[in-house]
Structure formats: C-alpha cells, structure tokens
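Q: First the structure, which I've put down as structure tokens, then a few questions once you've had a look.
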Amino acid sequence: MNNKAKIDCVDHESRTNETAPSVAVETVSAEKRQGLFGEQPPPVIEMAPQVLRYRTRRDVLVFGAGALAALAGGGFLLPQDTLRRMGVRRTVNSPAKEWFLNRALRIDDDVAEALYSGNRRVPTYTKSQITPLKNNYNGATPDPGYISGWNLTIDGLDSGLSISLDIRNLMTRFSVQEQITRLVCVEGWSAIAWWAGLRFDDLLRAYPPMSQAKWARVESSVNLDDSGNPDPYFMSIDLATARHPQTLLATHFKGQPLTVDHGAPLRLLVPVKLGLKNVKAITKITYSPGEPRDYWAEHGYSRYDGI
C-alpha cells in the first residue's frame, strides 16, 4: 500500500468515526484454535524504565564477559605468529590444536550423520537457473587417452566376485535419471548444473554388496597431481548416502556425455555432500564393513562432509 492509500484510509476512518451515531458496543472475543506447532502471539511484557536500564546494562556486561572468555579459550587455535603479534607469549603445541580441531570436526560429523534422512531431498532447479561449473580437478586434468580402455571394477560384493563393467554395460543395463541440483564446494563456491546418469542405488541392487557392508570406497586411478604425476584419488561414502535417490553415477552433463573436465566417462554426484566427495573419473568401487581411508580426511578435513 502506497503512502497516498494509507492517508486516504486514515482520513476515511476518521470521518466515519466522527459522523457515526453513538451505540453500545459489545466486545466479542473469537479464539482461533492453534495447532501444536502453530505460531503463538508474542506476550506483552511491561517493565519499569529503571528495571529495563538495569537489565540492559547487565546483559551487555555478561555478553562482553562471554566474548572475552571465548577469545581467551579459542585464541590458542590461532597461528603462533599471530598470537605473538597480539602479545601472547604462551606457546601452544600443534598436537593440542590438532586434537581440539579434530574433535570438533568429529562432533560436527556425528551431528550431520544423525540428522541425515533418505527422505530429505536437496532443492532442484530449472534449466533457466543453471550456472557455469568450472573444472575443479584436484590436480591436473587427465589426458583423455584413458577413456578408450576405461572400465569400472566393483569389489566387496555379496557374491564374493569382482566384476568389471564398461560404459556400454552401464548405459544399456540401467535407466538414466536426470536432475538439476547445486554442487557445493568446500572452497566456498557453488554451481547449479544439469546431470544425468544411473542411480547408485540401482547399482547396489543389481550387484549387492556383502551383507555386513556399510561403506564404499570410491576411487579414481587416473587422477593426477599438480605436476601431472599419478595421484590416485579415493573417498569414503556411507551406503545410506549412496542409496539416497539423488545420488547418481553421472554419465552426462548438460545433455551431453561427460567431458574429461567433468569426470568422463563416470563420476559420482552426491548433492547431499560437499563437492570433494564427488569423485571424477571413477575406476573402482569397494564395499566394506568399516569406514575406508579418505583422501581429504587424511589431510585434516571432515570425513562425513554432509550439507
């Protein structure tokens, strides 16, 4: 409502009140039944000005004391050079810092894992909302020469066998699912992209893992380091997340077969996890009862990486 409309409304109400005859009015209270989680009206609290000033001053002092305590308690996590510039001479050894941070990460992982639900889906988008997705290989982008001899090896199966599938096996046996979801990188950027591929859950149903398996190790043997030398990339994913309906073994990007930049011919897409879990150019999947090694967890990152 614009200002003119507001003024007209007020003037009309004033004139109406002036000309209306005086009549007895009975106030009727209509209570609207609220649900268990319905929003309740805010309570009205009356407080004397001097009490309000006292409580406000007290709250500011308490907040300040809490902030100082937090700085004092968490300041030891800062680099030693920073602490020295701040005039703090006490030396805190790296193992103590590492233990504290790893403990915090572990608690964060446990909370994220406890909150996971296979029924919760991340938002999906339209093609008009797609944004550019950069090549964010961990290291150098592999030469496409490996694609002609590529196959996917699967170990830890209930059958006790090890199987090998090529891209044609995968494309002819499994139905292709499409989705437009957001890929979130631990570096702080994200992108909305259009993917297609087979559901990881369909692969699990077709080739069941051993009965006690709870984890999968997903790896790429063709990954390279920054200098172009072999640097196998491996990552752990819990089977509950692998079975999530939006977890794909992607074969297509923007309606076309994957390019090397985006992990041809097969990559993992886990929208409920950070991008570092989305392994490109997968060459092997191994199921196991215990949590396998994880590339970035060994470098101090979170192991669960849930969103």
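The values are calculated or read from the model by the stated rules, or taken from the named source; none is laboratory data. Quick caveat, the model's predicted, so the values are computed rather than measured. FYI the Cβ positions are ideal-geometry reconstructions off the backbone, even for glycines, and counts take in every protein chain you see. What goes into the accessible areas is simple: the full protein's heavy atoms, side chains included, and nothing from ligands, DNA or RNA. Shrake-Rupley method; radii C 1.70, N 1.55, O 1.52, S 1.80 Å.
Q: Taking the stretch 159-190 only, how many residues are assigned to a strand (DSSP E or B), among the hydrophobic types (A, V, I, L, M, F, W, C) and farther than 27 Å from THR131 by Cα?
A: Of the residues in that region, 2 qualify.
Q: For residues that are outside any strand (DSSP E or B) and touching a Ser or Thr at 6+ places or on another chain (Cβ under 8 Å), scanning just the stretch 230-245, find the one that is surrounded by the most Cβ atoms within 10 Å (Cβ to Cβ).
A: If we take residues in the stretch 230-245 being outside any strand (DSSP E or B) and touching a Ser or Thr at 6+ places or on another chain (Cβ under 8 Å), then THR241 is surrounded by the most Cβ atoms within 10 Å (Cβ to Cβ).
Q: In addition: Out of the residues in the stretch 246-272 that are hydrophobic (A, V, I, L, M, F, W, C) and free of Cβ contacts under 8 Å to residues at least 60 places away in the same chain, which is most open to solvent (accessible area, probe 1.4 Å)?
A: It comes out as LEU258.
Okay, residues lined up against (1) modelled with pLDDT of 65 or more; (2) assigned to a loop (DSSP other than H, G, I, E, B); (3) open to solvent by less than 90 Å² (accessible area, probe 1.4 Å):
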| residue | (1), (2), (3) |
| --- | --- |
| THR91 | no, yes, no |
| ARG103 | no, no, no |
| ARG106 | no, no, no |
| GLU113 | yes, no, yes |
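Q: I want to confirm something. Restricting to the stretch 191-229 and keeping residues that are of a type outside the set (A, V, I, L, M, F, W, C), outside any loop (DSSP other than H, G, I, E, B) and touching a residue at least 40 places away in the same chain (Cβ under 8 Å), which single residue is surrounded by the fewest Cβ atoms within 10 Å (Cβ to Cβ)?
A: Taking the candidates together, the pick is ASP201.
Q: Ok, one more. Listed residues ALA191, ALA216, ALA196; which is of a type in the set (Gly, Ala, Ser) and in contact with a helix residue (DSSP H, G or I) (Cβ under 7 Å, 6 or more places away or on another chain)?
A: Residue meeting the stated conditions: ALA216.
Q: Separate question: What is the residue count in the stretch 248-306 for residues that are in a loop (DSSP other than H, G, I, E, B), of a type in the set (Ser, Thr, Tyr) and over 21 Å from the mean Cα position of the chain (by Cα)?
A: Adding up the residues that qualify gives 2.
Q: Sort out which residues of the stretch 123-132 are assigned to a loop (DSSP other than H, G, I, E, B), touching a residue at least 60 places away in the same chain (Cβ under 8 Å) and exposed (fewer than 14 other Cβ atoms within 10 Å of the Cβ), and write them in order of number.
A: Passing the criteria: only THR131.
Q: A follow-up question, please. For the stretch 141-189, how many residues are of a type in the set (Ser, Thr, Tyr), under 30 Å from the mean Cα position of the chain (by Cα) and surrounded by fewer than 13 Cβ atoms within 10 Å (Cβ to Cβ)?
A: Residues in the stretch 141-189 being of a type in the set (Ser, Thr, Tyr), under 30 Å from the mean Cα position of the chain (by Cα) and surrounded by fewer than 13 Cβ atoms within 10 Å (Cβ to Cβ): 1 in total.
Q: While we're looking at this one, here's another question. Does GLY197 satisfy being modelled with pLDDT under 95 and either of a type outside the set (A, V, I, L, M, F, W, C) or closer than 21 Å to TYR287 by Cβ (or both)?
A: It is false that GLY197 is modelled with pLDDT under 95 and either of a type outside the set (A, V, I, L, M, F, W, C) or closer than 21 Å to TYR287 by Cβ (or both).
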